[in-house]
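Below you'll find the structure, written out as structure tokens, and then a few comments.
The values are calculated or read from the model by the stated rules, or taken from the named source; none is laboratory data. Treat the numbers as computed from the prediction; the structure is a model and nothing was measured. Counting neighbours? That spans all protein chains shown, and the Cβs are built from the backbone with ideal geometry, glycine included. Remember, those area values only see protein heavy atoms, side chains included, never the ligands or the DNA or RNA. Shrake-Rupley method; radii C 1.70, N 1.55, O 1.52, S 1.80 Å.
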Amino acid sequence: MPMILMSSKASPFVRKVRVLIQEADRWAEVEENVTPTTPLDSAPAVLAANPLGKIPALIREEGPTLHDSRVITRYLDDRWSLGLYPASRLWEVLTLESMSDAIMEAALGMVYAAKFHAAPDAAWADAQWTKVARTLDAVEDRWISHLSGPLDMGQVALGCALGYLDLRHGNRGWREGRPVLTEWSARFAERPSMAATVPAG
Ligand SMILES: N[C@@H](CCC(=O)N[C@@H](CS)C(=O)NCC(=O)O)C(=O)O
């Protein structure tokens with residue numbers, strides 16, 4: 001029985017898992033169930049897999065369904081011995097992944113607010129963007145040497161976060177004033193795993 005990945009083609013959190021599977025060349029072991037869902041209208045199939053109603057969720061035979069992208073990527077890395085969470089750099093990798101996930105959360109929150117709130121609040125959206133911008137500045141200033149090292153899950157998460165900013169917040173111009181990150185992002189996007197998982201929708 002293949003594992004089942006509850007997914008969507010636009011989610012940056014799902015993309016982290018899809019990139020990992022692509023890098024590992026293990027799609028033969030995972031079936032994708034593309035089921036978009038929203039906070040106001042949770043898809044029943046997603047709710048059955050995750051009481052929070054969020055994707056990604058990974059249904060597997062060996063134990064309970066896994067959810068939260070970080071749990072799933074850690075599980076698959078361990079299952080397939082991929083080395084994307086190397087012990088020698090573990091805390092750096094987890095911190096970069098956490099920062100990247102937080103960029104996604106702020107960016108997704110802005111999208112949900114614009115779509116689902118009766119009266120979208122521009123000040124709140126700007127405050128969310130400030131979180132994104134500050135985190136990108138920190139990466140530009142302090143994380144570039146890490147980004148040029150061997151592939152790890154922090155880099156994958158950052159690539160997915162930047163791809164999501166391009167998809168949903170292109171007008172905010174995240175590249176401005178961040179030349180090193182801009183260059184890294186362009187190079188990272190050329191990886192076959194990133195090219196095969198460009199978000200849509
Ligand atoms: N922390 C979670 C966040 C997952 C998440 O927010 N996914 C979005 C899609 S991008 C979702 O399922 N939204 C539906 C909802 O919030 O009800 C993770 O890393 O997997």
*Could you go through segment 156-162 in sequence order and give the Karplus-derived ³J(HN,Hα) for each residue, using 6.51 cos²θ - 1.76 cosθ + 1.60 with θ = phi - 60°, rounded to whole Hz, and x for Gly and Pro?*
4, 4, 5, x, 5, 5, 5
*Got a number for carbon plus sulfur as a percent of the chain's accessible area, 1.4 Å probe?*
54 percent
*Considering the dipole of segment 20-106 built from charges on the beta carbon (Lys and Arg +1, Asp and Glu -1) around the Cα centre, which of 42, 85, 95 is farthest to its positive end?*
95
*Would you please give the residues with an amide H less than 5 Å from that of residue 7, counting only those at least 5 places away or on a separate chain, with H modeled from the backbone geometry?*
33, 34, 35
*DSSP-assigned coil residues among GluC sites (Glu not before Pro) in segment 158-201, each with at most 15 further Cβ atoms within 10 Å*: 176, 190
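Within 10 Å of each candidate Cβ there may be at most 12 other Cβ atoms; applying that plus a DSSP loop requirement, which GluC sites (Glu not before Pro) in segment 1-81 survive?
On the way: sites: 23, 29, 31, 32, 61, 62; in loops: 61, 62.
Passing sites in segment 1-81 are 61, 62.
Counting alpha carbon pairs within less than 8 Å and at least 6 residues apart, what relative contact order, in whole percent, applies to segment 23-157?
Values: 102 pairs, mean separation 27.5, N = 135.
Relative CO of segment 23-157 lands at 20 percent.
Given axes a ≥ b ≥ c from the Cα gyration tensor, I'd like to know whether segment 77-137 is rounded (a/c under 1.5), prolate (a/b larger than b/c) or oblate.
Details: a/c = 6.25, a/b = 2.34, b/c = 2.67.
Because a/c hits 1.5 or more and a/b fails to exceed b/c, segment 77-137 counts as oblate.
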*If you put +1 on each Lys and Arg Cβ and -1 on each Asp and Glu Cβ, how big is the dipole of the chain around its Cα centre, in Debye rounded to 20?*
240 debye
*Could you point to the residue in 199, 53, 14 farthest towards the positive end of the chain's charge dipole, with +1 and -1 charges on the Cβ of Lys/Arg and Asp/Glu respectively?*
199
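Which semi-axis lengths, in whole Å and largest first, follow from the square roots of five times the eigenvalues of the Cα gyration tensor of the chain? Let's see the in-between values first.
On the way: eigenvalues 131, 108, 38 Å².
Listed largest to smallest, the semi-axes of the chain are 26, 23, 14 Å.
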